[in-house]
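What follows is a single structure, written as structure tokens, with notes after it.
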């Protein structure tokens, strides 16, 4: 099972203010460190038009990581494809894949904030349709020949790329989404899926069954299934939970309170009880404990059928906390699931 | 005079070549690398250089006016943060885009690069869009974040056709090799002499090569010195042909660093100094 690390977003938040140039320098140092420790991949996320500098161009930021590493895969969980120009994105990812020697994994999500879509002059209501068209455009351009597309949302007039991706037939694409349209979109194109962190094992199994059923009905081999998991490991499991769960809850509460639309079209912070109910899962599903506990939880995930777990420990933590967490995972957990240097 | 060099283009083991080239450019004390032709995604190249350099300025020429200008602003800001404030942003009208549309796009990039929320209403773009179906927590003004690391991101328009747009906005124009930069700066000065005086004057110049691949340093110095005196060239963007080998390019870079750059830093050199350099510097 591949074990990656997450999420690098280069945010200077109110709770963890930081120099942005230093965060980008730290990204490069962190990448070198996690590669040396034997992790499979480093994952970025994307948002835009927020107060804290959340990186809106993760595949551009990732090029600096490519230059300082040789094996570590560079991935997004998630890049917000419906908010992008697919021609521009196809070029960016192809160039990054070329520079990195074929180490890109493109995770794509729908996005959810009205403000992000509106800032770009896009209707959020069209995000599903835009995702479908954008995937076709990106995959079409990556084939290498002159590509033409006339769709509802994008028009491409006989464009071709100067630099093609290294990976064939194309860099892996991971769909973030579990609804029927997402399953259809991913399965019929032979793509993989990256699940959200709040799922329990039985829910993961049920989703994988749905994937296989859909793939079987179409006669297409299913892609991989991975999952993002909030995670922390400490020598004392109870102490680790006591320390990290409140911090994880606070981190997500800021985002959810500011951005989520709750039942009854309520703004998150305006409905604190409903918000807390929605957030409960966030603190019930992380992989947090001592090494034995975390290994057991990862084995449980592996038994569901996922073959990639990306461990999110790069929260609003200090530099030394994050570095130490990576070290702890690498020493006490990673060897049970992967062979360092096997790739 | 600042000396910039056009970047290598992607081919083969591009990252390795980029690494070696960047190391040499910095070791030789050259000022800037100009990422333009041959790159589908020049910001990706610039981002890679953030890991490979610490002092070199990195200029990215981005086509502008076809896709939403916010994407250009976002990528430029991300790269400038990664470079810790060493980006120079070049903006060229995308193929098939009118100068009017390009001008709107420039205005959006400039607004997006400022450290304050903005809104824009033009013929081609409206920011934010004000789309009826987007109803929840939408903004009246947006803030592209992160912004550049630099308080004011050096932004040059590329191509003589952009001079009117540049002059109205107080931006430099980087003339291309087939253009007449003297006309550009004369036009600019007629718009605003004070602004023209203040701004950088870049010009992309092909590196003259002798048979055998050596740089004709005398011819290059003559060209650049003449331009410096006639219209104030102060950033030479030397375009070394992509067809020469890596060792030949390295020799050109050393020649530029030792036999071209020092001769352009003063209005004139004391008698005998250039002869001294000719006699004592290593042969090319």
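The values are calculated or read from the model by the stated rules, or taken from the named source; none is laboratory data. Keep in mind the model is a prediction, meaning the values are calculated, not measured. Here the Cβ is made from the backbone with ideal geometry for all residues, glycine too, and neighbour counts use every protein chain on show.
Please determine whether any residue of the range A:63-77 is touching a helix residue (DSSP H, G or I) at 6+ places or on another chain (Cβ under 9 Å), within 28 Å of residue A:125 (Cβ to Cβ) and touching a residue at least 40 places away in the same chain (Cβ under 8 Å).
The initial filter retains those residues of the range A:63-77 that are touching a helix residue (DSSP H, G or I) at 6+ places or on another chain (Cβ under 9 Å), namely A:63-76.
Imposing the further condition that a residue be within 28 Å of residue A:125 (Cβ to Cβ) reduces the set to A:76.
Cutting the leftovers down to touching a residue at least 40 places away in the same chain (Cβ under 8 Å) gives us none.
Within the range A:63-77, not a single residue is touching a helix residue (DSSP H, G or I) at 6+ places or on another chain (Cβ under 9 Å), within 28 Å of residue A:125 (Cβ to Cβ) and touching a residue at least 40 places away in the same chain (Cβ under 8 Å).
The set of residues in the range B:123-137 being in contact with a helix residue (DSSP H, G or I) (Cβ under 9 Å, 6 or more places away or on another chain) and under 23 Å from residue B:77 (Cα atoms) consists of B:124, B:125, B:127, B:128, B:129. Test residue B:13 against the stated conditions and say whether it is within 12 Å of another protein chain (Cβ to nearest Cβ), within 17 Å of the chain's Cα centre (by Cα) and farther than 21 Å from residue B:154 by Cα. No, not satisfied. Residues in the range B:132-171 that are buried (at least 17 other Cβ atoms within 10 Å of the Cβ) and at positive phi: B:159 only.
Of the residues making up the range A:152-161, those that are surrounded by fewer than 15 Cβ atoms within 10 Å (Cβ to Cβ) and in contact with a helix residue (DSSP H, G or I) (Cβ under 8 Å, 6 or more places away or on another chain) are A:152, A:160. Among the residues of the range A:262-282, those that are within 19 Å of residue A:115 (Cα to Cα) and surrounded by 16 or more Cβ atoms within 10 Å (Cβ to Cβ) comprise A:262, A:268. Considering only the range B:255-265, I want to know if a residue exists there that is modelled with pLDDT of 95 or more and in a loop (DSSP other than H, G, I, E, B). Checked against the condition, which is being modelled with pLDDT of 95 or more and in a loop (DSSP other than H, G, I, E, B), the range B:255-265 yields at least one hit. For the range A:248-259, filtered to residues that are touching a residue at least 40 places away in the same chain (Cβ under 8 Å) and surrounded by 15 or more Cβ atoms within 10 Å (Cβ to Cβ), the residue that is nearest to the other protein chains (Cβ to nearest Cβ) is A:259. Taking the criterion of being under 21 Å from residue A:324 (Cβ atoms) and touching a strand residue (DSSP E or B) at 6+ places or on another chain (Cβ under 6 Å), the residues of the range A:237-283 that qualify are A:237, A:240, A:241, A:244, A:248.
Of all residues in the range A:161-183, those that are outside any loop (DSSP other than H, G, I, E, B) and under 20 Å from residue A:97 (Cβ atoms) total 3.
Of all residues in the range A:214-233, those satisfying the criterion of being in contact with a strand residue (DSSP E or B) (Cβ under 8 Å, 6 or more places away or on another chain) and in a loop (DSSP other than H, G, I, E, B) are A:223, A:224.
When the residues of the range A:184-213 are narrowed to those that are part of a helix (DSSP H, G or I) and touching a strand residue (DSSP E or B) at 6+ places or on another chain (Cβ under 8 Å), which ends up nearest to residue A:302 (Cα to Cα)? It would help to see each step written out before you state the result.
Within the range A:184-213, the subset part of a helix (DSSP H, G or I) is A:184-187, A:201-213.
Of the ones still in play, those that are also touching a strand residue (DSSP E or B) at 6+ places or on another chain (Cβ under 8 Å) are A:185-186, A:204, A:207-208, A:211.
On the way: A:185: 24, A:186: 21, A:204: 10, A:207: 14, A:208: 12, A:211: 16 Å.
By that ranking, first place goes to A:204.
With respect to (1) surrounded by 24 or more Cβ atoms within 10 Å (Cβ to Cβ); (2) within 14 Å of chain B (Cβ to nearest Cβ), the lone exception for residue A:35 is condition (1). Can you say whether residue B:74 is without any contact (Cβ under 8 Å) to a residue 40 or more places away in the chain and out of contact with any helix residue (DSSP H, G or I) (no Cβ under 6 Å at 6 or more places or on another chain), as far as the supplied structure shows? The answer is no for residue B:74. Within the range A:158-180, one or more residues are within 14 Å of chain B (Cβ to nearest Cβ), touching a strand residue (DSSP E or B) at 6+ places or on another chain (Cβ under 7 Å) and without any contact (Cβ under 8 Å) to a residue 24 or more places away in the chain.
Taking the conditions exactly as written (more than 21 Å from the chain's Cα centre (by Cα) and either farther than 25 Å from residue A:251 by Cα or without any contact (Cβ under 8 Å) to a residue 60 or more places away in the chain (or both)), does residue A:307 satisfy them or not? Don't jump to the end; show me each part of the working.
Numbers: more than 21 Å from the chain's Cα centre (by Cα): no; either farther than 25 Å from residue A:251 by Cα or without any contact (Cβ under 8 Å) to a residue 60 or more places away in the chain (or both): yes.
It is false that residue A:307 is more than 21 Å from the chain's Cα centre (by Cα) and either farther than 25 Å from residue A:251 by Cα or without any contact (Cβ under 8 Å) to a residue 60 or more places away in the chain (or both).
The single condition among (1) within 12 Å of chain B (Cβ to nearest Cβ); (2) free of Cβ contacts under 8 Å to residues at least 40 places away in the same chain that residue A:28 does not satisfy is (2).
A Cβ distance below 9 Å, combined with a sequence gap of six or more or placement on separate chains, defines the contacts here; from the range B:9-24, residues that are farther than 18 Å from residue B:37 by Cα reach residues that are assigned to a loop (DSSP other than H, G, I, E, B) in the pairs B:23/B:53; B:24/B:30.
Does the range B:193-209 contain at least one residue that is out of contact with any strand residue (DSSP E or B) (no Cβ under 9 Å at 6 or more places or on another chain) and touching a residue at least 60 places away in the same chain (Cβ under 8 Å)?
Of the residues in the range B:193-209, the ones out of contact with any strand residue (DSSP E or B) (no Cβ under 9 Å at 6 or more places or on another chain) are B:193-198.
Checking which are touching a residue at least 60 places away in the same chain (Cβ under 8 Å) leaves us with none.
No, the range B:193-209 has no match at all.
Within the range A:105-145, how many residues are assigned to a helix (DSSP H, G or I) and away from chain B (no Cβ under 12 Å)? It would help to see each step written out before you state the result.
Of the range A:105-145, the ones assigned to a helix (DSSP H, G or I) are A:114-119, A:124-142.
From the residues that got through so far, the ones that are away from chain B (no Cβ under 12 Å) too are A:128-140.
Residues that pass the stated criteria total 13.
The set of residues in the range B:146-168 that are closer than 30 Å to residue B:84 by Cβ, in contact with a helix residue (DSSP H, G or I) (Cβ under 9 Å, 6 or more places away or on another chain) and touching a residue at least 40 places away in the same chain (Cβ under 8 Å) comprises B:146, B:147, B:148, B:149, B:150, B:153, B:155, B:156, B:157, B:162, B:165. Hey, residue A:86 hits all of (1) within 11 Å of another protein chain (Cβ to nearest Cβ); (2) under 29 Å from residue B:114 (Cα atoms); (3) under 17 Å from the mean Cα position of the chain (by Cα) but one; which does it fall short on? Unmet for residue A:86, out of (1) within 11 Å of another protein chain (Cβ to nearest Cβ); (2) under 29 Å from residue B:114 (Cα atoms); (3) under 17 Å from the mean Cα position of the chain (by Cα): (3). Of all residues in the range A:38-80, those that are more than 7 Å from chain B (Cβ to nearest Cβ) and in contact with a strand residue (DSSP E or B) (Cβ under 9 Å, 6 or more places away or on another chain) total 24.
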